Every structure is written in C-alpha cells, then in structure tokens.
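Written below as structure tokens is the structure these notes are about.
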Amino acid sequence: MVEIRFHGRGGQGTVVASKILADAIAKEGNWVQAYPEFGVERRGSPVVAFIRIDDKQIYDKSRIYTPDSVVVVDPTLVEAIDITEGLKLGGTIIINSDRRPEDFPFHGKFNVRTINATEIAVKNKLGSLAAPIVNTAIAGAVIKVLGLTKLESLAAAIREGISIKPEDNVKAAEEAYARA
Amino acid sequence: MKKVMMGNHALSYGAKLARSQVIAAYPITPQTQVVELLSEMCSDGTLDAKFINVESEHSAMAACIGASVAGARAFTATSSQGLALMHEMLHWAAGGRHPIVMGNINRSMAPGWSIWTDQNDSLSERDTGWMQYYCASNQEVLDTVIQAFKVSERLMIPGMVILDAFALSHTYEVVDVPDQALVDKYLPPFKPEIRLTPSDPRAFGGLTGSEHYFELRYKLQKYMEKAPALIEETGREFEKIFGRNLGLVDAYRCDDADFVFVTSGTAGFTARVVVDEFRKSGLKAGNLRIKVFRPFPFAKVREVLKKVKKAAVVDRNCSYGAHGIFYQEVKSALYGEAGMPPVFGYIAGLGGRDITTDSFKEVAAHALAKDKADEEIVWIGVKK
C-alpha cells in the first residue's frame, strides 16, 4: 500500500491532479482511492488531496495520516505550513520549485526532489502567466519519481480527463517526466 | 468497464443504468454532483428521462411521487437538512406504496452547521416505511441502486441508498460499470398493476377511515417482511450476472470468530483491516457489516452472532436519551434466545470525526477487558 498527500492552493488543479493520477493507476489494474480534504475549497487557500494505492482492494476508509510521500504543487506552502507532518521517515517530497533539493531545510531527513513544473506549464501555455496550471506537469514528475505508472497510462488519463488543451497537457507531463 | 469515479457519480450511473424515467432533485452539499451529472445526462440525451428542477426537497419528493403514480421509474437524491425537509413526503411515498429510489448522503444534522458524515439524518427517517441500504464502497453504491429498484418495484415500497459524506460521496474509487444490456436483463421495465391514467381513472391517497387505514399499514409491514428474502434472492441473481453479491449483511471472517465488530457504512470496511491484524496476532476476530437496516435483518444477525463470544456494535449515530441505534436493534435481535453473546455498545465518528483502525482497536481493548457490557454508552474519540 502506498499513500501520497498533495499540497496546493485552491484553483491550481491539485484535486484534478490526484484524480488524473488515480485514473492512470487504475488503467494498470491497481486499486486506488483519491479524495480531497473533506470540506470546502476556496480559491487561493491551501488545499490538500490524498491518494491510496494497492494491488488489492482497499478496505481502509479512514483518512491518511502518515503518507509515504508528499507532493507540493505550490512552493509558497513550504514556508506557510508543515508539509512534512506525519510523513514517514525517509519518505519522498516532490516540490514544484526552481530551487535545488538541498535548499530545503528538511533535505536529508527526507528524500527531496524538485521539478520546475511552473516553467513547464508556462512554456506549454497552460493557464495564464500569473496563474499557470501545473497539475499535469506535476503528475508527470510524480509517476516517474515514485514509479507509479507508465507514461502512456498517464497520457491516456490526461486525454480522457482534461478537456482544455489535452495535447499541451500531455506534452507538459512528458517533459516533466523526462526532467524528473 | 472499469472507471474511477466519486460515490456521488456512482449514484448517478446507477440511476442511469436503471433507466430512471423521472428525476426531480434539489442540490445540497455533499449531494450536488449526483444531480449535476444526471442533469447533464438528461440534457445531452445519454439518459432518456425527464429532469424536473424544483424549489425544495419537499417538492422533489412530491414530484417523484407524482411520476411514480403515473407509472414512471423515479429517482432523487438528497442529504441531511434536505432529507428532513422531505420528511412528510417520505411517509406519503411509503404509505402510498410508490417504489421510488433515492440516494441519501449521510451528513450530520445542524446545528452546529456541518457538512460532514453521520447517520442521524437517515436514521431519523427509520419509521417512514422506506427500506434503507447502507453502502461501504462506490461499487456497492452503483450496484445497490439497480438492486433497490428491483426490490422496491416487486414490493411497491420505496428504497433509500445511503452513503457517507466525503468518505464515499467525494472519494474516487475504481468502479466496474455494468453493461447496459446486462442491467436490462436483470431489471425489467417498471410496470405497476395500477397507475394514474385517463383511460382507467382512479383516486390515490384519498380519505381513509378507520375501517381501512389499519389494513393498509398491516399490508405495508407484511410486504416489508418479504423484503429480507427478496433482497437475498435478488442479490444472488445479481451475483450470477455481475459477479458481486448484494446481501443483507457482509459477514467477514465471522464463522469461527470469538469477537465480532458490528458495523455499517464505510466504517464497516475499515473494521476489516483491524480484523485481519487481530487474526495475525491470534485473536479470532470478525466483522458483521449490516448493509440493510430496514427491514432489519433480525434472523441473519442472530444466525451470525449466536456462535460468537462477544459482539461490539460501533454506531455513527445516537438516539438521544437511549443509545446507538444499531446497538438497540442488535440487542433486540438477540433478546430471548438462549446462549447469545454479551453485546457492547460504542458511539464514534459523529459530525465526520474520523473512524480509524485505532478507533476499532480502542473498542476491542475495552470490550475484551470486560465480561459484561456497560449500561452507559462508551464514546470513542470524544473530548470530555
């Protein structure tokens, strides 16, 4: 069983990222549960989403408290909240950032990886310059770093699940996958 | 075809595959996506049904009753305050014997204002004459809608398919969406014996004096008593076609168990994880998840629990001034029979407080340390 927590801000597509990843994982025959933090979402405020993955049916319906990995969609959250809360020792943290892993204070205690998803999203004209939609680029990096699914499964999930610029989103995922 | 979908959409797909003909609903968190998707399906033609926008849940149920009287298969969905507002019409639907199927997302009743799960909304409608099915997965939600129409239309009693707010309603899971042709084979079109039609004029729901009313209610109960066997039968039939059983209860590792949790809803799946852990450490544990609450499966509960040394009922609800509601039913199922185990009662998870594997371990630690159950409610995870 693998448990992942996502941190983003309302409007960035964090919940959609977790749904697209769930679709991609299910395509390869695994069982998956994906859910947003139970409550009300507001644009710009911190949002949390979760994924649970297993090769057999998942019966645990309680929330995730001790994830194996954490994905940070919005880098400003690293200073705002404790994104390492409950993370298993030696767990992986994937951050959307132009900085190096060793620039983060929790580097060493956890396996920190960075991907400049914002740059990739802007290059592929996803969202606006001020508010780029980084979720598909993040998803590309996540499946590579955590070894979750093949790139083709993610691309298929993006084509089925994202109606706006699906091909540009696939390109962003592919580029992030290559760079992660 | 396997699809990743939220519990709310599992309700929508169930209603679509059942070929619902009239859908009348009013949106409420956390039910909104159920009717959003159904209204899309109606507008783009993937579902050949009349979608009626109404100004309240009371009207939603009234519209479903009208449709059902006219011989249409009617569906709606609501939650919490919306269900409470429907209350009068719920009696009307069951008393008038209209086999409507409704989804209810368990959401705690206000105040304090809450959108999170517990079962007091649906359990407050216990005595309206509706059948109640409590689900533990999105697959079960979709499957149960289809089965519920079949059972309801055979007995002419409405059915409520119930799922936890967020833990199912907003959680994406893998769901095997059945083939329409196979669903059509399982669920024939709704053809009531009597319906509202100008070619055969009749009055429905008229003034009924004391010389007739009593018999109407007697018949409602008599038909309700046929439901347990019919639910088992249609569940087996469902399994033959779709490979998934839909029974009254889900008795997990109960056959040789000494200690059994009695659960419902999603907590009834989490309990299985703890049962497996206990089994590994040598404790013969089991989990009896009650799927159908009305009619209550008294015989089935007795059959499972008579072989057990101790049972611990975990309720996500409270009948204030009494106890957990499933706890009371389980005790009454066992009362008067010789050799029944002591039954311990716990309340957990009100207002969406999480019920975790640790919650079940706390329940087990309490029950296993005692010979006799406490008279008082044992609260799990409450800040006193």
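The values are calculated or read from the model by the stated rules, or taken from the named source; none is laboratory data. Nothing here was measured: the structure is a model prediction, and the numbers come from that model. Note that each Cβ is placed from the backbone with ideal geometry, even for glycine, and that neighbours are counted across all protein chains shown.
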Per-region count, segment B:243-290, residues at negative phi and assigned to a loop (DSSP other than H, G, I, E, B): 15
Hey, A:Lys27 hits all of (1) free of Cβ contacts under 8 Å to residues at least 60 places away in the same chain; (2) under 25 Å from B:His9 (Cβ atoms); (3) within 14 Å of another protein chain (Cβ to nearest Cβ); (4) surrounded by fewer than 21 Cβ atoms within 10 Å (Cβ to Cβ) but one; which does it fall short on? (1)
Within segment B:81-96, identify whether any single residue is touching a residue at least 60 places away in the same chain (Cβ under 8 Å) and over 18 Å from B:Ser124 (Cβ atoms), and answer yes or no. yes
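Could you tell me whether B:Gln147 is at negative phi and either of a type in the set (Gly, Ala, Ser) or in a strand (DSSP E or B) (or both)? Even if it seems obvious, please write down each step before you answer.
On the way: at negative phi: yes; either of a type in the set (Gly, Ala, Ser) or in a strand (DSSP E or B) (or both): no.
Answer is no for this residue.
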Within segment A:32-47, residues being facing chain B (nearest Cβ under 9 Å), modelled with pLDDT of 80 or more and surrounded by fewer than 18 Cβ atoms within 10 Å (Cβ to Cβ) number 0
Suppose the filter is within 14 Å of chain B (Cβ to nearest Cβ), assigned to a helix (DSSP H, G or I) and in contact (Cβ under 8 Å) with a residue 40 or more places away in the chain; does A:Ala141 pass it? no
If we scan segment B:173-189, do we find a residue that is in a loop (DSSP other than H, G, I, E, B), free of Cβ contacts under 8 Å to residues at least 40 places away in the same chain and either in contact with a helix residue (DSSP H, G or I) (Cβ under 6 Å, 6 or more places away or on another chain) or within 23 Å of B:Ala93 (Cα to Cα) (or both)? yes
For segment A:79-88, indicate whether the set of residues that are within 14 Å of another protein chain (Cβ to nearest Cβ), of a type in the set (Ser, Thr, Tyr) and touching a residue at least 24 places away in the same chain (Cβ under 8 Å) is non-empty. no
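Being over 28 Å from B:Lys291 (Cα atoms) and in contact (Cβ under 8 Å) with a residue 24 or more places away in the chain: is that true of B:Phe204 here?
Working: over 28 Å from B:Lys291 (Cα atoms): yes; in contact (Cβ under 8 Å) with a residue 24 or more places away in the chain: yes.
Yes; evaluated as a whole, the condition is true for this residue.
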Confirm whether A:Arg5 is within 13 Å of chain B (Cβ to nearest Cβ), of a type in the set (D, E, K, R) and within 24 Å of B:Phe360 (Cβ to Cβ). no
Those residues that are in a loop (DSSP other than H, G, I, E, B) and within 16 Å of the chain's Cα centre (by Cα), I need them from segment A:153-180; list them, please. A:Ile162, A:Ala180
